[in-house]
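Below is one structure, written out as structure tokens, with a few remarks after it.
The values are calculated or read from the model by the stated rules, or taken from the named source; none is laboratory data. Given the structure is predicted, the values throughout are model-derived calculations rather than measurements. As a convention, Cβ positions derive from the backbone with ideal geometry for all residues, glycine included, and neighbour counts pool all protein chains shown. Areas reflect the complete protein model, heavy atoms only, side chains present, ligands, DNA and RNA absent. Shrake-Rupley method; radii C 1.70, N 1.55, O 1.52, S 1.80 Å.
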Amino acid sequence: MIPAIDLKEGRCVRLRQGLMEQATVFSDSPAEMALHWRNQGARRLHLVDLNGAFAGVPQNFPAIKEILAAVAKDIPVQLGGGIRDLGTIEKYLDLGLTDVIIGTAAVKNPEFVREACKVFPGQIIVGLDAKDGMVAIDGWATVTEHHVVDLAQR
């Protein structure tokens, strides 16, 4: 089991159809939610900085830091959302993340993915979101002309 915690403004949420304005709050304590999933037997935890995905830069650093302090010693934690440069990757890996997920930047700047994989081998995951078979970027806000299977094969 790999549960996901989607973060918006420091809270655990679920978006309806990827719309930021249609968020249901599940918890005001991301660290407690991470502990809950760990206690339920999660083998890994998947985090998404939703604000970061839309803004293009990380936005939920305090909540992510709290989650890592609570569970990173027990289970691997990966994060996606707003990761667009090597400095951000280094900052998060130094904090205790095991992997970072590059989505939008993988589509817009494939060379960045190659460089990140060289600098941080084994810690980069490419994540491709799709809507009706087409790659969606910028937190699902933009649907591209790239078919997800074709892009994944590249």
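Observations
- Compared with the direct C-alpha span, the chain from Q153 to D74 gains 25.1 nm at full extension, assuming 0.36 nm per residue.
- Tilt relative to the chain, helix 110-119 - C-alpha long axis, 0 to 90 degrees, to 10: 50 degrees
- Acute angle (nearest 10 degrees) that the helix 86-95 long axis makes with the longest principal axis of the chain, alpha-carbon atoms: 20 degrees
- Summing charges over neighbours of C12, with a neighbour being any other residue whose Cβ is under 11 Å away from its Cβ, gives -1 when K and R count +1 and D and E count -1.
- Modelled FRET efficiency - R0 22 Å, E9 with N39, Cβ distances, 0.05 increments: 0.30
- Mean residue ellipticity at 222 nm, helices only, the chain: -10500 deg cm²/dmol; runs of at least 4 DSSP H residues each add -39,500 (n - 2.57), and the sum is divided by the number of residues.
- Accessible surface of the chain, 1.4 Å probe, proportion on carbon and sulfur as whole %: 50 percent
- Counting only protein heavy atoms and a 1.4 Å probe, the stretch 1-85 has 50 square angstrom of accessible area per residue.
- Degrees between helix 30-39 axis and first principal axis of the chain (Cα, 0 to 90, nearest 10): 80 degrees
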